[in-house]
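What follows is a set of notes on a single structure, which appears directly below.
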Amino acid sequence: MTLVGRARARAVETLTLDSPHNRNALSAALVGELADALTDAGQDSDVRAVVLTHTGNTFSAGADLRDPPPPEALVGLLRRIVELPKPVVARITGHVRAGGLGLVAACDIAAASTEATFAFTEVRIGVAPAVISLPLLPRTDPRALARYYLTGERFDAAQAARTGLLTTHADDVDTALVPILDGLRRSAPDALTETKRLLTARVLETFDRDAAGLTALSARLFSSPQAREGMTAFLERRDPAWVV
């Protein structure tokens, strides 16, 4: 079963997360398939830019709790987006949760419809947004982000733009993307690559400095008693024991 659709129009490769049975959750299989698709697009001289989008009403529900990828695999996927020699544009028309926000932050440009919602739900299941902090913290306003990291509250596209998570939002995301994709198509390929390097240098410094520690933190938290209780409660659709 293919979990990532591929299509191309006028040098823009569209990669579509297509795992409806788990709301495009980041399973080991989906992470691997998306990483391969990104590599292929990055090596193809006919591709000017990549759009990352989704089927259904959820961009990504975060890590697949039944088949989670190893933390190292998620780090590798996020870094691949950041390092890809082509701009990567997130196109979002639905919900984004937990690890899915790491994908959005790793993209160079992110556009969402006003119907999109966002939440860092990690704290509510006993873990932390550790690995996804690698692209998130260098690109967002730490004061604006702190509330949502710490509370797990849901927030809308307008607030996501204010934090720096989104580039733009609109009632019709495809209309908002027209001038962006037109600009990328008008830009010289080598110039795009070098300009992206300028923009991602600080993000990659964060990966080099913090990836090992955050990977270890993620693995430790996911194996903790609180995480086991939180994930069990989530799957059983009940409050975890710590809720007061």
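Overview of values
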item: Region 157-244: chymotrypsin sites (Phe, Trp or Tyr not before Pro) falling in loop per DSSP and having at most 13 other Cβ within 10 Å; result: Trp242
item: Folded to 0 to 90 degrees: helix 173-185 orientation relative to the chain principal axis, Cα; result: 50
item: HN-Hα J in Hz across region 80-88 - Karplus 6.51, -1.76, 1.60, θ = phi - 60°, x for Gly and Pro; result: 4, 5, 5, 8, 3, x, 10, x, 10
item: Per residue accessible area in Å² of region 1-155, where ligands, DNA and RNA are left out and the probe is 1.4 Å; result: 38
item: Low-density loop positions, trypsin sites (Lys or Arg not before Pro), region 63-93 - DSSP coil, at most 15 other Cβ in 10 Å; result: Arg66
item: Most fluctuating residue given options Ala201, Ala188, Ala25, as computed from a GNM of the chain linking Cα atoms under 10 Å; result: Ala188
item: In Hz, Karplus ³J(HN,Hα) per residue of region 31-45 (6.51, -1.76, 1.60; θ = phi - 60°; x = Gly, Pro); result: 4, x, 5, 5, 4, 5, 5, 5, 4, 4, 5, x, 8, 8, 5
item: Cleavage-rule hits (GluC sites (Glu not before Pro)) in region 165-244: DSSP loop, at most 13 neighbouring Cβ within 10 angstrom; result: Glu236
item: Rounded to whole Hz, the Karplus (6.51, -1.76, 1.60) HN-Hα couplings of region 53-63, x for glycine and proline; result: 9, 7, 8, x, 9, 9, 5, 6, 8, x, 4
item: Nitroxide proxy distance, nm - points 7 Å out along Cα→Cβ at Ala29 and Ala241; result: 3.4
item: Region 31-88 versus region 206-244: alpha-carbon centroid distance in Å; result: 22
item: The chain - percent of accessible surface contributed by carbon and sulfur, probe 1.4 Å; result: 53
item: For the chain, share of DSSP beta bridges that run antiparallel, in % to the nearest 5; result: 30
item: Region 69-211: C-alpha gyration tensor shape, a/c 1.5 cut-off, then a/b vs b/c; result: oblate
item: Extension gain (nm, one decimal) between Arg162 and Leu204, 0.36 nm per residue minus Cα-Cα; result: 12.8 nm
item: Charge dipole (the chain, unit charges on Cβ, about Cα centre) - positive-most of Pro68, Tyr148, Thr117; result: Tyr148
item: Label selected from (i) 37, 20, 15; (ii) 29, 18, 18; (iii) 49, 19, 15, the criterion being semi-axes √(5λ) of the Cα gyration tensor in Å as computed here; result: (ii)
item: GNM result for the chain, Cα springs below 10 Å: residue of Thr93, Thr39, Thr58 fluctuating most strongly; result: Thr39
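The values are calculated or read from the model by the stated rules, or taken from the named source; none is laboratory data. Only a predicted model underlies this, so the values are computations on that prediction, with no experimental measurement involved. Note: ideal-geometry Cβ built from the backbone for every residue, glycine included; neighbour counts use all protein chains shown. Just the protein is used for accessible areas: all its heavy atoms, side chains included, with ligands, DNA and RNA removed. Shrake-Rupley method; radii C 1.70, N 1.55, O 1.52, S 1.80 Å.
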